[in-house]
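Asks: Starting off with a structure, shown below.
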Ligand code: ATR
């Protein structure tokens, strides 16, 4: 019987997950399908019950349901619990287990461009929302030397730094301090929407004093190269947009659902083709 998977979100019609997962099923000859389900916030509880009732094997969760789905699930993986958000649900014989593969997806995408061990790295995260929580807490779990958080709303940044400090050395920095300390970071990650339309000319910080050999990440992948990444590249940095994180979070979900190793190159090629 055909296995059914999908993504729930609102809006969800532009999600690249269906083409990416279908490409993986086709490559590995898995008899499965993947749908994008538009679910309004008021219908979330019923939609989750529908996953059980219809025997849907796995669901990705996107905006705005990553946090609000938690009370409706049967079990939450400890990392997802710490992050406070779920992007992947596995249906184990009617028991719905929530995971967060966003942070792990980011780290898997980062590994090929790393030039230092995690234990030597000082990392600056710009932003303190859901994406920042996933990335920073996962990096902290991997044992990076120091995690600094800077955010427009400093209280949210402080809260995230407190959570990270249970796993590694962590601090909140004002935007001014973060700017002044920029040369001290090995990895700088923009998790905010600055650089995405209509904010395409803005940068989260100036990269004037970027250190040689730093890695600069942007979780945005449309546009493929934000002004922030363009300027980092001009300064000789290693740059990475959010596409590898997207592909790797999907690959990790695929592996949890199917128990098979995900054909990541095929998945990435399909997403790139769709992006045009
Ligand atoms: P996501 O799930 O993508 O992380 P989110 O949880 O809404 O989305 O978090 C958005 C993050 O981007 C927050 O850190 C937010 O800053 P605030 O905590 O001050 O709201 C940041 N952000 C969004 N738009 C921004 C802007 N125009 N300038 C600066 N920071 C911005």
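Asks: Please work out which one of (1) surrounded by 20 or more Cβ atoms within 10 Å (Cβ to Cβ); (2) modelled with pLDDT under 95 is the condition residue 240 fails and give its number.
Replies: If we test residue 240 against (1) surrounded by 20 or more Cβ atoms within 10 Å (Cβ to Cβ); (2) modelled with pLDDT under 95, just (2) comes out false.
Asks: Restricting to the stretch 38-78, count the residues that are buried (at least 17 other Cβ atoms within 10 Å of the Cβ), touching a residue at least 24 places away in the same chain (Cβ under 8 Å) and part of a strand (DSSP E or B).
Replies: So the count comes out to 4.
Asks: Working only within the stretch 112-139, note down all residues that are touching a residue at least 12 places away in the same chain (Cβ under 8 Å), surrounded by fewer than 19 Cβ atoms within 10 Å (Cβ to Cβ) and part of a loop (DSSP other than H, G, I, E, B).
Replies: 114, 115, 116, 129, listed by residue number.
Asks: Further question on the same structure: Name the residues in the stretch 108-137 that are farther than 19 Å from residue 60 by Cα and either within 15 Å of the ligand (Cβ to nearest atom) or not assigned by TED's automatic domain parsing to the domain that holds residue 156 (or both), would you?
Replies: Across the stretch 108-137, the qualifying residues are 124, 125, 126, 127, 128, 136, 137.
Asks: Same structure again: Are any residues in the stretch 166-193 out of contact with any helix residue (DSSP H, G or I) (no Cβ under 7 Å at 6 or more places or on another chain), within 15 Å of the ligand (Cβ to nearest atom) and not in a strand (DSSP E or B), and if so, which ones?
Replies: Matches in the stretch 166-193: 175, 176, 178, 179, 192, 193.
Asks: Within the stretch 140-165, track down each residue that is more than 13 Å from the ligand (Cβ to nearest atom), crowded, with 17+ Cβ neighbours inside 10 Å, without any contact (Cβ under 8 Å) to a residue 40 or more places away in the chain and in a helix (DSSP H, G or I).
Replies: Matches in the stretch 140-165: 140, 164.
Asks: If I go through the stretch 233-270 residue by residue, how many of them are outside any helix (DSSP H, G or I) and within 16 Å of the ligand (Cβ to nearest atom)?
Replies: Going through the stretch 233-270 one residue at a time, the tally reaches 2.
Asks: Does residue 94 fit the bill of being buried (at least 23 other Cβ atoms within 10 Å of the Cβ) and in contact with a helix residue (DSSP H, G or I) (Cβ under 6 Å, 6 or more places away or on another chain)?
Replies: Taking the combined requirement at face value, the residue does not satisfy it.
Asks: Is one or more of the residues making up the stretch 219-232 part of a strand (DSSP E or B), at pLDDT 95 or above and in the same structural domain as residue 110 (by TED's automatic domain parsing)?
Replies: The answer is no, given that none of the residues of the stretch 219-232 is part of a strand (DSSP E or B), at pLDDT 95 or above and in the same structural domain as residue 110 (by TED's automatic domain parsing).
Asks: Further, regarding this structure: List every residue pair whose Cβ atoms lie under 6 Å apart, where the two residues are 6 or more positions apart in sequence or sit on different chains, the first residue falls within the stretch 187-198 and is closer than 22 Å to residue 113 by Cβ and modelled with pLDDT of 95 or more, and the second residue, located anywhere, is outside any strand (DSSP E or B) and near the ligand (Cβ under 6 Å from one of its atoms).
Replies: Final answer for the pair search is 191/127; 191/131; 191/132; 192/127.
The values are calculated or read from the model by the stated rules, or taken from the named source; none is laboratory data. All figures in this text were calculated on a predicted structure; none of them were measured in a lab. We place every Cβ from the backbone using ideal geometry, glycine too, and count neighbours over all the protein chains shown.
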